[in-house]
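Structure first, commentary second.
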Amino acid sequence: MSVTVEQIKDAVWQLHKEQAIELVKQGLEEGLDPVDMLQNGVIRGLQIVGEKFGAKEYFLAELVMGGKVGEPCIELITPHLPPSVEGKPGTVVIGAVTGDLHTIGYGLVSTQLELAGFEVHKLGIDLPSMHFIDKAKELNADIIGLSAFLVTTIPYCNEVISYLEDMNLRDEYKVIIGGTETSADKAEAMDADGWALNAVQSVQLCKRLMGKEAQANDQWWASDKRIG
Ligand code: B12
């Protein structure tokens, strides 16, 4: 019987690691759309893990397990994601802000940006705000990407922007934010240059910030323009 994206999603949120991996492998062999498997299978499954954690049906052990089930599935799918044929649109430094240990989201954004031709430097997790700025200077970056998954870590996105302002460097870089608890409104409130809901839309956002054409989409937001 053929694998469905629904089965992958269910195996992920039910935390059946081996089954999820097997389904992804089989799905790839059978020609299931890798973007669909990623977005509506693995990522949707992880969102359900988060919802169950929020509803106190799952606890920290299950949250940890969710990450362990999702990561190998994403690794398997990544080489099958469609690459871009354009030249290099720009350079991005990206990582998770101070106090934030969520690696999967910014990892996926990095992968999609690389596939779209961007030069991407993954800086890591739980980074001091100055580290983003030091690396952006050192690597001559165009865009600083800040990933924050917790309400308690979002203020550190703000901190990076404040430091840039204090150092008279705010106009040198485009600053974008993302992660579960972020939103276009929060990005706008902290004077970021953009926000995106997911990795695919992060590419649209970065292309637009680099002055390239991007398709209209209602789930990303760039500086002065809200689309959708
Ligand atoms: C897996 C997971 C973990 C794993 C992470 C493992 C890993 N290697 O990353 C572990 C176990 C470490 C973890 C720990 C914690 N977690 Co957690 N976690 C999750 C979970 C279930 C999935 C996150 C994930 O990776 N999703 C997969 C990604 C790919 O999906 P995504 O969010 O759609 O990602 C896209 C966007 O966010 C965007 N994006 C991401 N980064 C960026 C950056 C830029 C620049 C842009 C433009 C876009 C962008 O693109 C991504 C790719 O498409 C979420 C639930 C959820 N709904 O997110 C909770 C969740 C984020 N965690 C939560 C909590 C509370 C915690 C803990 C505090 C739990 C605890 N009591 O210890 C700790 C905090 C650790 C820390 N200091 O960071 C809460 C946060 C709630 C809140 N209000 O702040 C959530 C929402 C669960 C919940 N419903 O309560 N967690």
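The values are calculated or read from the model by the stated rules, or taken from the named source; none is laboratory data. Since the model is a prediction, treat every value here as computed from it, not as a measurement. Every residue, glycine among them, receives a Cβ derived from its backbone with ideal geometry; neighbour counts consider all protein chains shown.
What are the residue pairs meeting all of these: first residue in region 22-37, first residue closer than 14 Å to P82 by Cβ, second residue small (G, A, S), Cβ atoms under 6 Å, and 6 or more apart or on different chains?
Final answer for the pair search is M37/G27.
Please go through region 177-211 and give me each residue that is within 8 Å of the ligand (Cβ to nearest atom), under 20 Å from F132 (Cβ atoms) and surrounded by fewer than 20 Cβ atoms within 10 Å (Cβ to Cβ), ordered by number.
T180, E181 - these are the residues of region 177-211 that are within 8 Å of the ligand (Cβ to nearest atom), under 20 Å from F132 (Cβ atoms) and surrounded by fewer than 20 Cβ atoms within 10 Å (Cβ to Cβ).
May I ask you to verify whether D36 is within 8 Å of the ligand (Cβ to nearest atom) and among the charged types (D, E, K, R)?
When the stated conditions are applied, D36 does not pass them.
For region 138-180, which positions are in contact with a strand residue (DSSP E or B) (Cβ under 6 Å, 6 or more places away or on another chain) and part of a loop (DSSP other than H, G, I, E, B)?
L139, A141, D142, A148, T153, Y173, G179 - these are the residues of region 138-180 that are in contact with a strand residue (DSSP E or B) (Cβ under 6 Å, 6 or more places away or on another chain) and part of a loop (DSSP other than H, G, I, E, B).
If you go through region 102-125, how many residues are near the ligand (Cβ under 7 Å from one of its atoms) and touching an Asp or Glu at 6+ places or on another chain (Cβ under 6 Å)?
To start, the set of residues in region 102-125 that are near the ligand (Cβ under 7 Å from one of its atoms) comprises 102-106, 108-109.
Of the ones still in play, those that are also touching an Asp or Glu at 6+ places or on another chain (Cβ under 6 Å) are none.
Going through region 102-125 one residue at a time, the tally reaches 0.
Taking V24 as the residue in question, decide whether it is outside the structural domain of S129 (by TED's automatic domain parsing), within 11 Å of the ligand (Cβ to nearest atom) and part of a helix (DSSP H, G or I).
Judged against the criteria, V24 is not a match.
Hey, any hits in region 81-101 for a residue that's surrounded by fewer than 20 Cβ atoms within 10 Å (Cβ to Cβ), within 9 Å of the ligand (Cβ to nearest atom), without any contact (Cβ under 8 Å) to a residue 60 or more places away in the chain and not small (G, A, S)?
Yes: region 81-101 contains one or more residues that are surrounded by fewer than 20 Cβ atoms within 10 Å (Cβ to Cβ), within 9 Å of the ligand (Cβ to nearest atom), without any contact (Cβ under 8 Å) to a residue 60 or more places away in the chain and not small (G, A, S).
Identify the single condition in (1) more than 12 Å from the ligand (Cβ to nearest atom); (2) touching a residue at least 12 places away in the same chain (Cβ under 8 Å); (3) aliphatic (A, V, I, L, M) that M1 does not satisfy, given that it satisfies every other one.
With (1) more than 12 Å from the ligand (Cβ to nearest atom); (2) touching a residue at least 12 places away in the same chain (Cβ under 8 Å); (3) aliphatic (A, V, I, L, M) applied to M1, the lone miss is (2).
Being of a type in the set (V, I, T) and farther than 24 Å from K122 by Cα narrows it down to one residue among V97, V5, V42, V35; which is it? Walk me through it before giving the result.
Values: V97 fails: farther than 24 Å from K122 by Cα; V42 fails: farther than 24 Å from K122 by Cα; V35 fails: farther than 24 Å from K122 by Cα.
The unique qualifying residue is V5.
Can we say I154 is closer than 28 Å to W13 by Cα and either in contact with an Asp or Glu (Cβ under 8 Å, 6 or more places away or on another chain) or of a type in the set (V, I, T) (or both)?
When the stated conditions are applied, I154 passes them.
Do we have any residue at all in region 58-67 that's modelled with pLDDT under 90, of a type outside the set (F, W, Y), surrounded by fewer than 17 Cβ atoms within 10 Å (Cβ to Cβ) and closer than 20 Å to A199 by Cα?
No - not one qualifying residue is present in region 58-67.
Report whether or not V12 is of a type in the set (A, V, I, L, M, F, W, C), part of a helix (DSSP H, G or I) and touching a residue at least 60 places away in the same chain (Cβ under 8 Å).
On the way: of a type in the set (A, V, I, L, M, F, W, C): yes; part of a helix (DSSP H, G or I): yes; touching a residue at least 60 places away in the same chain (Cβ under 8 Å): yes.
Yes: the conditions hold for V12.
Of the numbered conditions (1) in contact with a helix residue (DSSP H, G or I) (Cβ under 7 Å, 6 or more places away or on another chain); (2) at pLDDT 85 or above, K186 fails exactly one; give the number of that condition.
Here K186 clears every test but (1).
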